[in-house]
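The values are calculated or read from the model by the stated rules, or taken from the named source; none is laboratory data. Quick caveat: nothing in here was measured; it's all calculated off a predicted structure. Here Cβ is always computed from backbone atoms with ideal geometry, including for glycine, and neighbour counts include all displayed protein chains. Please note that ligands, DNA and RNA were not included when accessible areas were found on the heavy atoms of the full protein model with its side chains. Shrake-Rupley method; radii C 1.70, N 1.55, O 1.52, S 1.80 Å.
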Amino acid sequence: MTQTLHQIREELDVRESVVANSSFDDVNMSNSNFNNINLSVSKVTCANLAGTRFFDVNLSGVQFENVNMSNVAIENANVAGMMIDGVAVSELFAAYNAAKKT
């Protein structure tokens with residue numbers, strides 16, 4: 001069943017639901033909470049995630065392109081295989097640690 005919502009201005013409380021293959025365009029979802037959400041194989045474009053916090057999130061295999069990551073803080077992360085502009089993050093950490101020792 002397809003349900004269409006256009007120009008709705010109200011709070012939604014969605015629980016234990018399947019809305020796979022849905023589209024959201026020009027939607028203000030600021031100050032929303034997402035818990036136990038499966039967004040695998042989703043595509044997010046032209047999004048403002050400024051000030052958003054992610055906890056206990058699996059980002060394996062995610063690709064970021066043309067993103068502003070200024071002032072991003074990454075803590076307690078598994079960065080195995082992570083690349084930034086074609087450079088392995090593990091190599092960056094190794095170079096940083098070597099430079100600190102000299």
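Annotations
- Long-range neighbours under 9 Å by Cβ, at least six apart or interchain, first residue within 15 Å of A47 (Cβ to Cβ) within the stretch 12-29, second of a type in the set (G, A, S) and part of a loop (DSSP other than H, G, I, E, B): none
- Whichever residue in the stretch 31-48 is open to solvent by less than 100 Å² (accessible area, probe 1.4 Å) and of a type outside the set (S, T, N, Q) and, among such residues, is farthest from E11 (Cα to Cα): A47
- Which listed residue is assigned to a loop (DSSP other than H, G, I, E, B) and of a type in the set (G, A, S), from S42, S90: S42
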